[in-house]
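Here's the structure, in structure tokens; my notes come after.
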Amino acid sequence: MNEQNEKARERRTKPATVTEVNSLARKPGRHSIGESLILCVSSSGAKSWVARVRDSDGRRRDMGLGPFADLTLAEAREKARTLRKAGRDGLPILTRAERRKALRKVPTFKEAAETVYERDKGEWKNEKHGAQWIKTLRDYAFPSLGSLSINRIEENHVAEALAPIWREKPETARRVLQRVLTVMDWGHAFKHCTVQLNRNGIRKLLGKQDAAKGNFAAMPYGEVSGLVATLRARETIGNMALEFLILTAARSGEVRGATWDEFDLESKLWIIPAERMKAKKEHNVPLCDRALALVRRAQEIASSETVVFPGLRGNPMSDATMAKALREAGVAKEAGTVHGMRSAFRDWVSEETSFPGDVAEAALAHTIKNKVEAAYRRGKLLAKRREMMAAWERHCQGSNSVIRMVAG
């Protein structure tokens with residue numbers, strides 16, 4: 001019987017109809033209904049729905065949806081779709097037992113933050129970063145938020161907690177905001193909170209920050225996906241160039257001066273010659289899928305035989321063109337600059353991934369003083385950088401999954 005059921009599942013090429021499902025419900029076994037949905041019928045006649053999905057780590061899981069009699073076919077399919085989407089979006093997929101456990105007690109913000117810290121502390125690139133992560137929350141968030149149940153925390157509570165340092169310590173305040181939202185996202189994933197906090201709403205309550213003199217204002221990495229979505233909504237050469245810059249973590253001049261002969265599209269590689277680099281050394285940039293697609297699209301609409309993202313009359317576009325694209329996308333100068341996108345990328349690597357710092361530094365083409373170490377990085381890190389830039393692409397497209405990298 002099991003072998004027959006396996007063959008039946010293999011032959012399923014389209015979703016079962018209600019009539020087919022009712023017929024299958026009379027036969028013991030596991031019956032594929034299509035769209036990751038399975039109907040389980042025991043030898044005793046008990047029937048239940050199961051969704052076969054992949055979690056955020058890519059592992060296949062069979063999740064019970066409930067008794068056959070309690071859910072219509074349409075309702076079971078909708079539940080299966082919701083679970084599949086959660087897995088694709090990097091959200092936890094919880095069993096009924098896990099959900100019941102999570103709902104037993106709503107933790108305080110302090111308890112939730114410490115739980116998230118304990119979960120992630122082994123994944124940070126070093127102990128110092130983990131210590132800073134929890135210390136900033138203890139110093140600036142716990143005094144006002146620590147004792148509140150996380151389901152009671154709203155945007156105004158977070159704004160009140162950050163107000164004393166929002167202008168006095170702008171960079172620290174942005175980092176604390178990101179960490180608070182990480183804790184609150186954990187609470188939402190575990191059903192402690194019914195609504196996710198709105199980052200833009202909190203920033204509006206706090207007002208604008210004064211741009212630090214001598215530094216480029218960096219957009220918080222959590223807001224980059226929204227910017228990318230806005231850029232994609234209107235195809236202009238400026239928007240395409242800015243999105244390409246974000247996805248490659250390149251400097252403005254490197255992107256604006258990019259020429260067709262620098263690209264090996266088959267190898268998904270952008271090879272920037274030494275004379276165009278700040279450090280005067282050749283820099284190889286692995287291209288993620290979307291960056292490669294942008295170059296191919298630029299080929300289709302090419303108005304220059306040499307420059308990939310041309311300005312007027314086929315010459316390299318000016319720096320002001322990408323700055324204009326950023327402003328037209330709704331980002332004020334004090335909230336983010338073109339060059340500041342590199343800082344957003346670097347902060348994301350440090351805050352949300354366990355990719356080693358030297359991999360991020362290599363991606364940013366930062367100068368390495370030790371010649372032996374520099375040679376090692378050039379020769380050994382391209383594959384790791386390719387993995388990291390693919391993860392950055394997923395973040396820029398709205399995925400919330402936290403990237404964990406296996407050393408080696």
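Coordinate-derived values only; no laboratory data. All of these numbers come straight from a predicted model, not from anything done at the bench. Cβ sites come from the backbone with ideal geometry, for glycine too, and all protein chains shown count toward neighbours.
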Problem - In degrees, nearest ten, helix 127-140 long axis to first principal axis of the chain (Cα) - result: 80 degrees
Problem - Orientation-averaged projected area, Cα convex hull of the chain (nm²) - result: 24.4 nm²
Practice task
Set the Förster distance to 30 Å, then compute FRET efficiency between E118 and S44 from the Cβ-Cβ distance, nearest 0.05.
Solution key: 0.10
Handout entry: Fraction of alpha-carbon pairs over 26 Å apart in the stretch 221-396 - percent
Key = 25 percent
Problem - Kirkwood-type radius of the stretch 2-93, with distances r between different C-alpha atoms, in Å - result: 13.4 Å
Practice task
Compute the long axis of helix 382-396 from its Cα atoms, compare it with the longest principal axis of the Cα atoms of the chain, and write down the angle in degrees, 0 to 90, nearest 10.
Solution key: 70 degrees
Handout entry: Restricting the stretch 213-288 to trypsin sites (Lys or Arg not before Pro) in coil, as DSSP defines it, with at most 13 other Cβ within 10 Å
Key = K213, R234, K278, K280
Exercise for the section: Can you tell me how much longer the chain between S318 and L148 gets when fully stretched, taken as 0.36 nm per residue apart minus their C-alpha distance, in nm with one decimal? Expected result: 56.2 nm
Problem - Stretch gain in nm, segment R61-W260, where the contour uses 0.36 nm per residue and the Cα spacing is subtracted - result: 67.1 nm
Fill in the blank from the handout: In degrees rounded to 10, the 0-90 angle between helix 109-120 Cα long axis and the longest Cα principal axis of the chain is 80 degrees
Problem - Fluctuation leader among T236, T19, T108 - the chain, Gaussian network, Cα springs under 10 angstrom - result: T19
Fill in the blank from the handout: Against the 2.2 N^0.38 Å rule of thumb, the C-alpha Rg of the stretch 109-206 sits at a ratio of 1.01
Exercise for the section: Quick one: compute the contact order of the stretch 109-206, relative version, from alpha carbon pairs under 8 angstrom and 6+ residues apart, as a percent. Expected result: 32 percent
Problem - Pair A233, R276: separation of 7 Å Cα→Cβ label points (nm) - result: 3.1 nm
Handout entry: H366-R54 pseudo-label distance in nm [points 7 Å out on the Cα-to-Cβ vector]
Key = 3.4 nm
